[in-house]
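Please read the structure below before turning to the comments.
The values are calculated or read from the model by the stated rules, or taken from the named source; none is laboratory data. These numbers come from a predicted model, not from an experiment. Counting neighbours? That spans all protein chains shown, and the Cβs are built from the backbone with ideal geometry, glycine included.
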Amino acid sequence: MVVTKQIVVIGGGPAGVSAAISAINEGAEEVVIIEKEPFGRHRIGEILLTQTILEFKELGIDDEMSKYAEMYQWGKKYAAAYVHGIDRTPWKVQNNNPLSQPEEGFPKSFINKETGLWYTLMVRRHEFDEVLREIASKKGIEIIHGKVSDIHIALEDKKDNSQVTSLEVETLNKEKFKIVPQFVIDATGQQAFIPRRLKQRNVIDDWELQARYSYFEGVDFENAKKYGFFENGANILSYEDGWVWIANLGRGLTSAGVVSRVWDHDKNTFWNKFKNLPEYKIFGFDKAVVRNFKGEPVDSQEHMYVHPNYRFRSDTMRGKNWACAGDSAMFLDPLLSQGVTLAISFGRSLGKIAKLITQDYVDPISTLRQYELSYISEIEVLNKVVSLWYKPDFRFDKNWEDVANKISRIFGRDIGKDVEAFRWISNLENIHYILKDKNDLNFLKLLNGVNNIKMIHDFEKYNIISI
């Protein structure tokens, strides 16, 4: 059987679903998602950033997503605590008055009615992805539970002109058929289906990083809060063995993992590294119970998951009637939780582009080239920030002008544009409001009186703002 489809999305994660919804929102008539693991698919990328919530609004799904969040009781993220270097005092990023009123247009469904503080989410990814597909299905998007077993590409050695001519599909029920697409979106994540087929998926400056992680019940957030950490927020802690994330996903389940270069079966196991974390007992991990990613009991209290080296780039991420969205294009590091944000943001953009291309409203080569360049630009900036994290001696000076100049040099952009870039990449919402007040002499005086401002956000410690 052969069928024709306007837009085919391979992969039903955040990038794929966002692209599909965006295309439908723009007026596409036939959008199909092919998802090979429709139920219980495990992924990391559980901490959602502010920009992710704003993308929900752009897609028109913010209210619906908020209702699902309440139904599943996912964790709410009002803040983040970071530990970096020798000083183990957390520095904080928080959605807090007086500097962090929700910006105009922030979805009201993600603002706490009692406190006025806005929040993002910390989710169980298998639930989150299934919710996205459920929302897509309600919008009339066809979802095929199956896999693309083969793909046919014309002029595959011609980057600008390569064209997907057909897809061989096999459903979970073993039905087989061929799809002739007008446009294909590769949202297969790190599988990078089309670039791998073209032998264009390559590791970039291999840092030999690997994430190993597990899930816990009974983490002692009450005690951790006494030391400046968050229950309703993300906790990112750097130490000599690498760095650790700790996130309350709701319903009593906490995700915690170690990202490091050095692993073996002797001293450098996940559990040895994790127990070496200075804050291990502060969070009560020595008494917590290990669970699987669904929160279910496991056979061993040393149960864990492994995410191999993930730094790669698809050197070819577009053709004439296809392009990559999300991790299938490239991925660097989970440090700043940017994976889902990038996936949804560029997925939304590509869905709109796909619809325009299928109706011959834009030139596909120049439009997709610009899409690719914008993606690469954001990744390059993100790579600079991530690289700095792995330099333990990095810190900002106390002088405000020096700080501003350093930020400008890091991102290679004018300081005016840098405000949004810094917030978007690092989820440091407060900086937007701080820079608005850069001419406030009293405020500058307070800033210049602070020693060792780490990433400009150690204000809680110096009583400039308080939770």
Exclusive hit being at pLDDT below 90 and outside the structural domain of residue 270 (by TED's automatic domain parsing), set 147, 159, 178: 159
The listed residue being farther than 30 Å from residue 278 by Cβ and hydrophobic (A, V, I, L, M, F, W, C), out of 221, 216, 193, 230: 193
From the options 296, 302, residue that is under 30 Å from residue 50 (Cα atoms) and not assigned by TED's automatic domain parsing to the domain that holds residue 6: 296
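Residues of the stretch 27-53 being in a helix (DSSP H, G or I) and in contact with a strand residue (DSSP E or B) (Cβ under 8 Å, 6 or more places away or on another chain), which ones?
Taking the stretch 27-53 and keeping what is in a helix (DSSP H, G or I), we get 50-53.
Selection gives 50, 52, 53.
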Qualifying residue in the stretch 45-61 (condition: under 21 Å from residue 317 (Cα atoms) and of a type in the set (A, V, I, L, M)): no
Test set (1) part of a loop (DSSP other than H, G, I, E, B); (2) more than 30 Å from residue 218 (Cα to Cα) - residue 302 fails condition number: (2)
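Out of 224, 234, 154, I need the residue that is of a type in the set (Gly, Ala, Ser) and assigned by TED's automatic domain parsing to the domain that holds residue 338. Which one?
On the way: 224 fails: assigned by TED's automatic domain parsing to the domain that holds residue 338; 234 fails: assigned by TED's automatic domain parsing to the domain that holds residue 338.
The unique qualifying residue is 154.
Among the residues of the stretch 165-184, which ones are under 17 Å from residue 363 (Cα atoms) and of a type in the set (A, V, I, L, M)? Can you show your working first?
Step one: filter the stretch 165-184 for residues under 17 Å from residue 363 (Cα atoms), giving 182-184.
Across the stretch 165-184, the qualifying residue is only 184.
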Subset of the stretch 195-224 (residues that are more than 22 Å from residue 306 (Cβ to Cβ), crowded, with 16+ Cβ neighbours inside 10 Å and at pLDDT 95 or above): 220, 221, 224
